[in-house]
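Below: the structure, in structure tokens.
The values are calculated or read from the model by the stated rules, or taken from the named source; none is laboratory data. Every value quoted in this text rests on a predicted model; they were computed, and no experiment measured them. As a convention, Cβ positions derive from the backbone with ideal geometry for all residues, glycine included, and neighbour counts pool all protein chains shown. Heavy atoms of the whole protein, side chains included, go into the accessibility calculation; ligands, DNA and RNA do not. Shrake-Rupley method; radii C 1.70, N 1.55, O 1.52, S 1.80 Å.
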Amino acid sequence: MDHGQNSSQDSVAISMDAALRLATETVGPVLLPGEEGYDAECASYNLAVPQRPALVVGAARVADVQAAVRFAAEQGLPVAVLATGHSAHSSAGAVLVNTRRMDAVTIDVEARTARVEAGVRWQQVVDAAGKHGLAPLNGASPTVGVVGYTLGGGLSPIGRTFGFAADHVRRIELVTADGQLRVATATEEPELFWALRGGKGNFGVVTALEFNLFPVSHLYGGGLFFAGERAAEVFNAWGRWSADVPDEMNSSIALLQLPPVPEVPEPLRGGMVVHVRIAYVGSAEEGERLVAPLRAIAPVLIDSVTEMPYTAVASIHADPPFPIPIVDRSGLLREFTSELVDAIVAQAGPDAGSPLAIVELRHLGGALNRRPPSGNAMDLQGATFTCYAVGIGGPDQAEAIQAHLTRVFEAIQPWSTGRRFVNFLTAGDVTAEAVAEAYLPETYRRLAAIKGSYDPTNMFRTTHNIIPA
Ligand SMILES: Cc1cc2nc3c(=O)[nH]c(=O)nc-3n(C[C@H](O)[C@H](O)[C@H](O)COP(=O)(O)OP(=O)(O)OC[C@H]3O[C@@H](n4cnc5c(N)ncnc54)[C@H](O)[C@@H]3O)c2cc1C
């Protein structure tokens, strides 16, 4: 897939002299295309969207980020940020700031908070907090970056119980377009604080984030796998069951096509299966009682639902931790009906000849419907499920995957809220219209006004761009 990297990359060239001048201000490396280390510095999780910026800065400290942003402003170039590349967008023609070296995590056990630097990934926080019986509102994947995830809302496997990660942020440190380091909290720069929590990477490079932790040391969780032929039955039963569960019960369901590789256990290898994921925040006894109707739907191929330490939460979704080429699309659904299931199974079920690896619904509701007192730029009202579908394949397969994604999302359109969840809005799918659909009109107007104050020349425009008012 070409997201326009080549054409714009060719049109921007930064001189070696300019790059060397910048390098005198940074501790981390400054690299131009073709230089040794450039490819490694640009390596990212989603191999379908290669990073080829005009220059990359491996930021090792806040001053490196400030130098990079000021340099981009002088050169009249946009700034892109790469933490892990889970939601990589084209950085062609941009100054790319790689944050992975900024990886400190501090836990305040008394205050039940964590402070992380920009490059920290979720498993680091899960492990550090877990030593004290605490849990963050981490993502499903252990290798997703804390900052990128939280700026886009952050839908955790325990989100129905506690809310979005963005609802529990206390303090954000960032470098804005003018190169200044600012602090945003509910009382300092409150408009910026509101916008950052849901407005994604539009307002600057976040250098550190402080957020709440929760007293969760164990879960009753894991996965139930059913044969793909039972997809309609299992989806329907799960949908009916999810309507009545308490907020402590978090779940999702996915049609999976797993590759024929030895890492995949035998009954699942090389075929289509239905994967019901459970994360119950409560006792194993109550969890077992609540999950019993799911176990009775059909013969269970693998049942890994059990009491587990919270530090094992990543095993519930079991997302691949290594880089893969992802072509994906997402939507938000109003309601669950048997006709919705028919539409999904017709397009992606065992007889559909679908090239998609995952078609997933996550159950929303509960605390995800409640906004924090300081408010934030999260607008998922009216949505009861997310739908996310992904194909895994290089450039030769991208077109076929895109065509199939279009068929799936056209088929489920009658159940769509017409809105989008920013975190699931990735490179192949992000357009000005799609970004606008992520927010209520009044939210978008407020975001655009704040963007106009902090980034009037739209330097931070390479991802989910909000146009400055
Ligand atoms: C396998 C997988 C599982 C996922 N699971 C979940 C999930 O459970 N829940 C959920 O909500 N989302 C999930 N996501 C989506 C994920 O939250 C987004 O892809 C998120 O943007 C990843 O952030 P990152 O820093 O890891 O990725 P990157 O690609 O490095 O960054 C993505 C974007 O985040 C912004 N960003 C990152 N760091 C900064 C910074 N320091 N300052 C300013 N902007 C920054 C930039 O706009 C950047 O382009 C998942 C994605 C994948 C691929």
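If you add up the charges near Lys451, with Lys and Arg at +1 and Asp and Glu at -1, over every other residue whose beta carbon is less than 12 angstrom from its beta carbon, what do you get? It works out to a net charge of +2. With the convex hull of its Cα atoms as the shape, the range 105-215 has an orientation-averaged projected area of 6.3 nm². When the charge dipole of the chain is built from unit charges on Cβ atoms (+1 for Lys and Arg, -1 for Asp and Glu) and taken about the Cα centre, the candidate among Pro260, Leu425, Gly199 whose Cα reaches farthest toward its positive end is Gly199.
Residues whose amide H lies under 5 Å from that of Phe214, counting only those 5 or more places away or on a different chain, are Ala135; hydrogens are built 1.01 Å from N in the peptide plane.
For Ala436 and Ala23, calculate 0.36 nm times their separation in residues minus their Cα-Cα distance, and state this gained length in nm to one decimal. Kindly include the intermediate steps, with their values, before the conclusion.
Details: separation 413, 0.36 × 413 = 148.68 nm, distance 3.76 nm.
Here the answer is 144.9 nm.
With both labels modelled 7 Å from their Cα along Cα-to-Cβ, the Gln180 to Ala284 distance reads 5.5 nm. Helix 441-454 axis versus longest C-alpha principal axis of the chain: approximately 30°, rounded to the nearest ten.
How large a share of the accessible area of the chain, in percent, is made up of carbon and sulfur atoms when the probe is 1.4 Å and the other protein chains stay in place?
52
With the simple spin-label model, which puts each label point 7 Å out from Cα in the Cβ direction, the Glu74 to Ser15 separation comes to 1.1 nm.
Under Stokes-Einstein, with the Kirkwood radius over Cα pairs as Rh, the value for the range 355-410 at 25 °C and 0.890 mPa s is 180 µm²/s.
In a simple Cβ point-charge model (Lys, Arg +1; Asp, Glu -1; nothing else charged), the chain has a dipole of about 740 debye relative to its Cα centre. So how far, in whole Å, is the C-alpha centre of the range 290-307 from the one of the range 158-198? Cα centroid of the range 290-307 versus Cα centroid of the range 158-198: 39 Å apart. Taking 0.36 nm per residue of separation and subtracting the Cα-Cα distance, full extension of the segment from Ala296 to Asn369 would add 23.3 nm.
The amide H of Ala48, built 1.01 Å from its N in the peptide plane, has Ile326 as neighbours under 5 Å, considering only residues 5 or more places off or on other chains.
Within a Cβ distance under 15 Å of Tyr220, other residues only, what is the Lys/Arg minus Asp/Glu net charge? Around Tyr220, the surrounding residues sum to -3. Along each principal axis, taking the top coordinate minus the bottom one, the Cα set of the range 77-150 gives 45, 20, 16 Å in descending order.
Within the set of other residues whose C-beta is less than 10 Å from the C-beta of His464, count the net charge using Lys and Arg as +1 and Asp and Glu as -1.
Net local charge, His464 excluded: +3.
Overall, the ratio between the Cα radius of gyration of the chain and 2.2 N^0.38 Å, rounded to two decimals, is 0.95.
Taking a ≥ b ≥ c as the square roots of the eigenvalues of the alpha-carbon gyration tensor, the range 14-165 is classed prolate because a/c is 1.5 or more and a/b outweighs b/c. The long axis of helix 62-75 is offset from the longest Cα principal axis of the chain by roughly 70 degrees. Multiplying the residue separation of Asp319 and Glu110 by 0.36 nm and subtracting their alpha-carbon distance yields 72.0 nm. Heavy-atom accessible area for Thr26, with the other protein chains in place and a 1.4 Å probe, reaches approximately 20 Å². Rounded to the nearest 500, the helix-only mean residue ellipticity at 222 nm of the chain stands at -8000 deg cm²/dmol, with each DSSP H run of n ≥ 4 adding -39,500 (n - 2.57).
Between the residues Leu209, Ala140, Ala118, the greatest Cα displacement towards the positive end of the dipole of the range 105-215, with unit charges on the Cβ of Lys, Arg, Asp and Glu, is found for Ala140. Of the whole protein surface, Thr457 contributes about 100 Å² of accessible area at a 1.4 Å probe radius.
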